[in-house]
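Worksheet: the structure to be examined is printed underneath.
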Amino acid sequence: MPTSQSNQPRRTLLLTGASRGIGHATVKRFSAAGWRVITCSRHPFPENCPWDAGPEDHIQVDLADEQNTFEAIEEIKRRLEGHELHALVNNAAISPKADGGKRLGSIDTTMDVWKQVFNVNFFAPIMLARGLVDELKAAKGSVVNVTSIAGSRVHPFAGAAYATSKAALASLTREMASDFGRLGIRVNAIAPGEIDTAILSPGTEKIVEQIPMQRLGTPDEVAKIIYVLCTETSSYVNGAEIHINGGQHV
């Protein structure tokens, strides 16, 4: 197996939701540090992909589909070829909108939408972590769940299903930290605030006025914290949720 400059076995990251925004920045951050990055997303591998890895390190999966998720786990195991998994970053998430891009509240969100959102945002992370627990345990690896500022208080744009799924994921992170921690696997969460990505809603500029730092965060600022949580720098951090929001809630 390829080795890094330190003569250690090359480390491997599995990242969901890799096709844009925070996911894209995370791929670049880890790749620059010499990691192998296996990506998962609903989309096929893009021909104009900005990183070196080819389609052999990309898995197309619909995390809203339980059976497809189980199939993806088996495919990931096959591609790992018995090697360790050093980090799992559960970044994939969906946040459906009403007509005209309006926020879906708790009254007008259909049950089908509730289930779809929770399958992707909540159930997929625990399915992946449980399915790959042996590979993570072998590496004394790290799991990072991407929650959200919307998980702790009502957000003007994020829908009710998205917000509650992220709150549930924050709680799940604590449960996983307790259970997986005994296996030598650390589990933490990051809760991004207003990050400058393609999915920002109109009106975000009004929120920026209330942020002490007076600006949006960048995807790379989030990716840097994800990287820290997957490396030795954070070797005794377990069960934490790190808020990356420029002080929005102080």
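The values are calculated or read from the model by the stated rules, or taken from the named source; none is laboratory data. Keep in mind the model is a prediction, meaning the values are calculated, not measured. Neighbour counts are summed over all protein chains in view; Cβ atoms, including those assigned to glycine, are modelled from backbone coordinates with ideal geometry.
A few remarks follow.
- Test for D134: is it charged (D, E, K, R) and either modelled with pLDDT of 95 or more or part of a strand (DSSP E or B) (or both): yes
- Checklist (1) in contact (Cβ under 8 Å) with a residue 12 or more places away in the chain; (2) out of contact with any Asp or Glu (no Cβ under 7 Å at 6 or more places or on another chain) applied to A138, failing item: (2)
- Every condition in (1) out of contact with any Asp or Glu (no Cβ under 8 Å at 6 or more places or on another chain); (2) surrounded by 15 or more Cβ atoms within 10 Å (Cβ to Cβ); (3) small (G, A, S) holds for G247 except the one numbered (2).
- Checking each residue in segment 202-231 for being within 22 Å of R103 (Cα to Cα), surrounded by fewer than 12 Cβ atoms within 10 Å (Cβ to Cβ) and in contact with a helix residue (DSSP H, G or I) (Cβ under 8 Å, 6 or more places away or on another chain) picks out only P202.
- Filter pass, K140 being more than 16 Å from the chain's Cα centre (by Cα) and within 28 Å of P9 (Cβ to Cβ): yes
- Those strands (runs of 3 or more DSSP E) lying entirely in segment 12-123 with at least 3 residues without any contact (Cβ under 8 Å) to a residue 60 or more places away in the chain and buried (at least 21 other Cβ atoms within 10 Å of the Cβ): 36-41
- L132 satisfies every condition listed in (1) over 26 Å from G193 (Cα atoms); (2) crowded, with 21+ Cβ neighbours inside 10 Å except (2).
- Residues in segment 141-163 that are in a helix (DSSP H, G or I) and free of Cβ contacts under 8 Å to residues at least 40 places away in the same chain: A150, A163.
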